[in-house]
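Take a look at the structure below.
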Amino acid sequence: MKILIILNDPPYGTERSYNGLRLANSLLKADETLELTVFLMADAVACAKRGQQTPDGYYNLERMLKQTVRRGSVSLCGTCLDARGLQPEEILDGCTRSTMPELTDLTLASDRVLVF
């Protein structure tokens, strides 16, 4: 099965991106054959920023994305990265700059699309 999860919200301030990544990592643990892609767009591209420092006991989306990259795929909207001034060296290893045509292809190829 192919699942696409699209995240739109910033890494902190709301819990939508957090909950989307919780689900992504839970799905990857539950099904060894799953093909999962997480697509970050709008303010969610900041979830892939290196060097996030959160208080002890608080969730950290950088660490959560590292788990996702191990078995799944993480793509970032290039236009959204540019609009926020995020440079390639600021982005986590394993995350890929992407485009709207690539998101279109991912959507059409997926069995399920979940949007947070």
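The values are calculated or read from the model by the stated rules, or taken from the named source; none is laboratory data. Computed from a prediction, not measured in an experiment: that's the story for all the values here. Here Cβ is always computed from backbone atoms with ideal geometry, including for glycine, and neighbour counts include all displayed protein chains. For accessibility, only protein heavy atoms count, side chains too; no ligands or nucleic acids. Shrake-Rupley method; radii C 1.70, N 1.55, O 1.52, S 1.80 Å.
The residue that is nearest to LEU61 (Cα to Cα), counting only those in the stretch 32-50 that are assigned to a helix (DSSP H, G or I) and open to solvent by 10 Å² or more (accessible area, probe 1.4 Å), is ALA46. Somewhere in the stretch 17-31, is a residue outside any helix (DSSP H, G or I) and over 11 Å from the mean Cα position of the chain (by Cα)? Scanning the stretch 17-31, I find at least one residue that is outside any helix (DSSP H, G or I) and over 11 Å from the mean Cα position of the chain (by Cα), so the answer is yes. The one condition from (1) touching a strand residue (DSSP E or B) at 6+ places or on another chain (Cβ under 7 Å); (2) in a helix (DSSP H, G or I); (3) more than 14 Å from LEU21 (Cβ to Cβ) that LEU65 does not meet is (3). Number of residues in the stretch 71-109 that are touching a residue at least 24 places away in the same chain (Cβ under 8 Å), among the hydroxyl-bearing types (Ser, Thr, Tyr) and surrounded by fewer than 17 Cβ atoms within 10 Å (Cβ to Cβ) equals 1. Taken over the stretch 34-66, residues that are over 11 Å from PRO11 (Cβ atoms), in contact (Cβ under 8 Å) with a residue 40 or more places away in the chain and within 9 Å of the chain's Cα centre (by Cα) amount to 3.
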